[in-house]
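The values are calculated or read from the model by the stated rules, or taken from the named source; none is laboratory data. Keep in mind the model is a prediction, meaning the values are calculated, not measured. Here the Cβ positions follow ideal geometry from the backbone for every residue, glycine too, while neighbour counts run over all protein chains shown.
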Amino acid sequence: MRGWRTFRKAKEGLAAVEFALLLPVMIGLFFGVVETTLALLCRADVSVMASTAANLISEVSTPNSTDISNVYSAAGAILYPNPTGTAASQPTIRITSIIYDTTSTSLTSGKVAWTCTQTGSGTLSPTSLSKGQTVSFTDSSGSNPLSIMTANGSVIMAEVAYGYTSPTMQIIKSKLNLTNVWYTKPRRVAQIPAPSPAPSGCAT
């Protein structure tokens with residue numbers, strides 16, 4: 001019993017034992033904070049990319065293949081330092097001109113006049129658009145309709161999807177599909193014509 005009482009009162013190495021017990025939790029919290037912060041920063045970059053792509057193309061009266069490529073490059077540069085150097089790591093960017101539907105006369109939807117897509121690591125929904133397809137305008141939740149079309153006008157829709165992979169992959173171990181959509185009006189003309197010559201990935 002005397003030995004047991006001595007052992008129970010002994011405090012040598014107590015701090016080391018407590019540290020060993022807390023170390024896994026501390027490491028988990030560290031990686032959790034770092035990986036979540038990096039993912040949120042990338043999510044914000046994706047939003048900026050969508051608005052940048054829409055605004056750049058809306059300033060062009062008669063786009064060509066070089067203009068579309070420049071928009072892809074400018075938008076993709078926003079993701080630095082995330083990897084974007086290969087087709088498998090670059091963002092998926094889709095730029096679509098949606099024109100007024102004279103049949104439905106709806107201000108919350110329109111028909112696709114042309115669409116151009118850079119295929120990358122992300123997945124858009126729907127995965128593809130075709131000329132003449134009806135597209136509805138909704139807010140970020142995808143449920144509330146937006147009345148942004150004007151009679152005989154058009155809307156530029158820029159969609160971005162990026163497959164984000166955590167650099168450490170300790171907490172966020174799977175790829176995240178970060179997406180955003182942005183609408184804007186053409187600056188100089190009522191309806192921007194299809195790029196000519198049309199680059200690859202365009203439906204005109």
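What to note about this one:
- Qualifying positions in the range 161-192 - among the polar types (S, T, N, Q), more than 20 Å from the chain's Cα centre (by Cα) and more than 20 Å from Tyr80 (Cβ to Cβ): Gln170, Gln191
- Residue in the range 152-168 that is touching a residue at least 12 places away in the same chain (Cβ under 8 Å), among the hydrophobic types (A, V, I, L, M, F, W, C) and either surrounded by fewer than 18 Cβ atoms within 10 Å (Cβ to Cβ) or touching a Cys at 6+ places or on another chain (Cβ under 8 Å) (or both) present: no
- Among (1) in a helix (DSSP H, G or I); (2) farther than 12 Å from Tyr162 by Cβ - the single one Ala87 does not satisfy: (1)
- For the range 57-104, filtered to residues that are farther than 22 Å from Asn177 by Cβ and touching an Asp or Glu at 6+ places or on another chain (Cβ under 8 Å), the residue that is surrounded by the most Cβ atoms within 10 Å (Cβ to Cβ) is Ile57.
- Only strands (runs of 3 or more DSSP E) whose full extent lies in the range 111-204 are considered here, and the ones with at least 3 residues that are touching a Pro at 6+ places or on another chain (Cβ under 8 Å) and at pLDDT 95 or above are 154-164.
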